[in-house]
1. Can you name the residue in segment 119-159 that is open to solvent by 30 Å² or more (accessible area, probe 1.4 Å) and among the acidic types (Asp, Glu) and, of all such residues, is farthest from residue 426 (Cα to Cα)?
2. Would you call residue 120 at pLDDT 90 or above and of a type in the set (Lys, Arg)?
3. Counting only residues that are among the polar types (S, T, N, Q), give me the helices (runs of 4 or more DSSP H) lying completely in segment 397-459 with at least 3 of them.
4. With the condition kept exactly as written, say whether any residue in segment 388-402 is open to solvent by 90 Å² or more (accessible area, probe 1.4 Å) and of a type in the set (Ser, Thr, Tyr).
5. Please go through segment 339-354 and pick out each residue that is modelled with pLDDT of 90 or more and not in a strand (DSSP E or B).
6. I want to confirm something. Restricting to segment 354-387 and keeping residues that are without any contact (Cβ under 8 Å) to a residue 24 or more places away in the chain and over 22 Å from residue 445 (Cβ atoms), which single residue is most open to solvent (accessible area, probe 1.4 Å)?
7. Please go through segment 273-310 and pick out each residue that is open to solvent by 90 Å² or more (accessible area, probe 1.4 Å), without any contact (Cβ under 8 Å) to a residue 12 or more places away in the chain and closer than 30 Å to residue 262 by Cβ.
Amino acid sequence: MLHYGHVDIGKTKLLDCIRRTIVQEGEAGGITQQIGATYIPAENIRERTKELKADAKLDVPSLLVIDTQSFRRNLAGNFRTTTIESINLLRMRNTEFIVALNKVDRLYGWKTCRNAPIGKAMKQQSKDVQLEFDHRVTQIITQFKEQGLNTELYNKNKDRGETYSIVPTSAISGEGIPEMLLLLIQWAQKTMIEKLTYSSEIQCTVLEVKVIEGLGTTIDVVLVNGVLHEGDEIVGPIHTTIRSLLTPHPMKELRVKGQYIHYKEIKAAQGIKITAQNLEHAVAGTSLYVVGPDDDMEEIKESVMYDMRNVMSRIDKSGEGVYVQASTLGSLEALLEFLKTPADPIVLGVDVIEGIVKIGTPICIPQRDFTDIGRISSIEINHKPADYAKKGQKVAIKITGSNAEEQQKMPGRHFEMEDELVSHISRNSIDVLKANYQDELTNEEWKLVVQLKRLFKIQ
């Protein structure tokens with residue numbers, strides 16, 4: 001599980017609440033400076049979710065949580081710049097996610113219900129607190145719609161394939177943590193069975209390189225698949241032999257110095273501290289490979305350098321432009337994507353010829369080889385915001401790219417004003433319509449769905 005979001009929004013504090021640690025207080029300015037990892041065993045998850053009576057639904061052995069550092073600070077507004085960047089990063093990788101709506105305890109008049117499910121805690125609040133809560137949630141849902149995303153409170157979300165769940169939480173007093181953990185586990189078990197299946201092929205990435213007193217230069221890695229052993233010959237930008245494999249105790253943070261557990265071998269998935277000689281030139285963000293007796297060393301070295309060459313090939317070395325510095329290759333890659341991506345959305349005046357236009361609708365242009373240009377993030381009718389528009393109405397729409405490729409699309413270059421904009425439906429979206437909106441669509445609208453199904457050659 002990747003733990004990602006805006007600076008000072010409470011990411012590490014949420015983990016502290018789950019682990020019952022105080023890592024966040026020891027960080028410079030209370031802000032995460034390095035990437036960390038925490039192993040949360042199944043028994044701890046069951047303990048935190050026992051009030052929800054969901055023990056039988058938990059099949060995974062544990063959670064491995066990666067706590068990320070934030071790389072931009074913007075104090076203006078509720079929906080902050082790095083929040084948007086976090087969303088775009090997840091979209092670029094087609095990553096499923098839930099939203100932890102943190103700091104619910106900041107609501108004026110909030111009655112603390114320490115570590116309780118948020119549903120139980122909300123029943124203890126006054127009418128005024130509940131109204132303020134509903135108002136703020138509505139604002140957040142609207143802001144997500146402006147980014148082309150449909151969101152809903154987790155207990156009202158009946159369409160988790162198309163709509164992302166919001167879980168209100170407090171990192172200070174623990175409300176909502178049970179639902180957040182349970183939702184993460186259940187969603188992973190439902191949608192990521194293949195990705196969660198263990199593979200014996202080594203998949204290991206360097207998170208951090210650091211000097212530890214008494215251990216020398218070490219590397220923190222996340223082992224996603226396979227088994228590492230003491231004495232394994234490993235190759236990355238470095239070439240060395242593993243001297244020792246260390247992990248913090250369960251529910252403790254990898255990046256914080258403390259008592260380590262020593263292993264002869266470790267099976268994935270786990271965050272691990274490796275000690276060895278010649279680790280000074282290891283590079284955070286690169287892969288580590290274990291050399292087997294029959295492996296071709298030159299082939300492995302070529303694989304190791306691929307990621308680094310791929311990123312470096314996109315950097316202009318002429319001396320003109322923006323200087324980019326990052327602590328990992330992954331961060332560098334993300335920064336390069338954002339620097340080359342235009343931020344301005346597409347704003348168009350349109351006539352609704354058929355069907356219903358809704359916020360969040362993915363738009364493509366069939367005349368231009370079915371080019372995807374983004375999702376509708378806002379609609380205006382007579383200069384007033386609207387959630388949808390029907391056949392025959394003239395409206396203004398804003399289209400925001402969901403990934404780097406869509407964000408490059410521009411009217412006049414990639415499409416013309418005379419081109420027809422069409423909702424890019426899929427087999428999944430048709431199934432969602434049938435399951436949840438069968439009676440809400442008219443016969444004419446269902447005929448349009450059939451036409452679009454033929455257009456996109458959906459079986």
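1. So, considering only residues that are open to solvent by 30 Å² or more (accessible area, probe 1.4 Å) and among the acidic types (Asp, Glu), the one farthest from residue 426 (Cα to Cα) is 128.
2. yes
3. 427-436
4. Yes - at least one qualifying residue is present in segment 388-402.
5. Listed by number, the residues that qualify are 352, 353, 354.
6. 383
7. Of everything in segment 273-310, those that are open to solvent by 90 Å² or more (accessible area, probe 1.4 Å), without any contact (Cβ under 8 Å) to a residue 12 or more places away in the chain and closer than 30 Å to residue 262 by Cβ turn out to be 293, 294.
Yes/no per residue for (1) open to solvent by less than 80 Å² (accessible area, probe 1.4 Å); (2) farther than 30 Å from residue 300 by Cα; (3) of a type in the set (Gly, Ala, Ser):
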{"residue": "116", "(1), (2), (3)": "yes, yes, yes"}
{"residue": "161", "(1), (2), (3)": "yes, yes, yes"}
{"residue": "168", "(1), (2), (3)": "yes, yes, no"}
{"residue": "177", "(1), (2), (3)": "yes, yes, no"}
{"residue": "198", "(1), (2), (3)": "no, no, no"}
{"residue": "227", "(1), (2), (3)": "yes, no, no"}
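The values are calculated or read from the model by the stated rules, or taken from the named source; none is laboratory data. Not measured: the values here are computed from a predicted model. Virtual Cβ from ideal backbone geometry, glycine too; neighbours counted across all protein chains shown. Ligands, DNA and RNA are excluded from the accessible area calculation, which covers all protein heavy atoms including side chains. Shrake-Rupley method; radii C 1.70, N 1.55, O 1.52, S 1.80 Å.
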